[in-house]
Amino acid sequence: MKTPCRLNIVSPLFWSFVSLAVTVIIIFIGRFANIMLRSDLLTIILNYIWKNLIVVFLISVLATYGELFDRFKKTIAIFSPLLNSTAAILIVYFVFGLLLRINAILNIKLITEISRFVISNTLAFFLLFLFFGYLKYIVNLFRVSFK
């Protein structure tokens, strides 16, 4: 017997706070390890993640709610592509921002150019993610409708 799929609004928020707490613990462990290592690279990474904790939290919240909403194919799943696209673009922004910071030490011109290109075109990437997300939503909607 299949259990009914219920909308649990609090669960994604709870797990997002748990992932935030784990991230903070990892940052503190990394900072403690960096006292002995004295690595400029590790300092840059840990400081960037610390300064962008709200982005990490938002990525977690948006992705988990997007996944939750996607379970309700004929109702609130229409919001899932928007939430997932927003989470995806925050991930892209976060990763390429981190690459730019790391590249301050590495000095690889290609990484700088690619990172700046991606960051300056985040709106275009967001619209692309959104387009493919809603395309997937429409295809899945037709699959559910014709079963």
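The values are calculated or read from the model by the stated rules, or taken from the named source; none is laboratory data. The structure displayed is predicted, hence computed values, not measured ones. Quick reminder, even Gly has a Cβ in these numbers, built from the backbone with ideal geometry, and neighbours come from all protein chains shown.
In segment 50-120, counting only helices (runs of 4 or more DSSP H) that sit wholly within it, the ones holding 2 or more residues that are touching an Asp or Glu at 6+ places or on another chain (Cβ under 7 Å) span 80-106.
When L46, L13, L42, L37 are checked against the criterion of being among the hydrophobic types (A, V, I, L, M, F, W, C) and under 15 Å from the mean Cα position of the chain (by Cα), L13 stands alone in meeting it. In segment 75-91, the residues that are touching a residue at least 60 places away in the same chain (Cβ under 8 Å) form Cβ pairs under 8 Å with partners that are surrounded by fewer than 18 Cβ atoms within 10 Å (Cβ to Cβ) and assigned to a helix (DSSP H, G or I), at six or more places apart or across chains, as follows: A77/N140; A77/L141.
Conditions tested, residue by residue: (1) among the acidic types (D, E); (2) within 21 Å of T43 (Cα to Cα); (3) touching a helix residue (DSSP H, G or I) at 6+ places or on another chain (Cβ under 6 Å); (4) without any contact (Cβ under 8 Å) to a residue 40 or more places away in the chain.
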site: A63; (1), (2), (3), (4): no, no, yes, yes
site: L68; (1), (2), (3), (4): no, no, yes, no
site: L98; (1), (2), (3), (4): no, yes, yes, no
site: N103; (1), (2), (3), (4): no, yes, yes, yes
site: A124; (1), (2), (3), (4): no, no, no, yes
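The residues of segment 70-86 that are at pLDDT 90 or above and under 16 Å from I9 (Cα atoms), listed by number, are F79, S80, L83. Only a single criterion out of (1) at pLDDT below 95; (2) of a type in the set (G, A, S); (3) surrounded by fewer than 16 Cβ atoms within 10 Å (Cβ to Cβ) is not satisfied by S120, namely (1).
The rows are residues; the columns are (1) surrounded by fewer than 14 Cβ atoms within 10 Å (Cβ to Cβ); (2) touching a residue at least 12 places away in the same chain (Cβ under 8 Å).
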{"position": "S16", "(1), (2)": "no, yes"}
{"position": "A21", "(1), (2)": "yes, no"}
{"position": "I29", "(1), (2)": "yes, no"}
{"position": "N34", "(1), (2)": "no, yes"}
{"position": "I44", "(1), (2)": "no, yes"}
{"position": "I49", "(1), (2)": "no, yes"}
{"position": "L53", "(1), (2)": "yes, yes"}
{"position": "F57", "(1), (2)": "no, yes"}
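Being among the charged types (D, E, K, R), surrounded by 13 or more Cβ atoms within 10 Å (Cβ to Cβ) and farther than 17 Å from G133 by Cβ is the requirement here; does R71 meet it?
no
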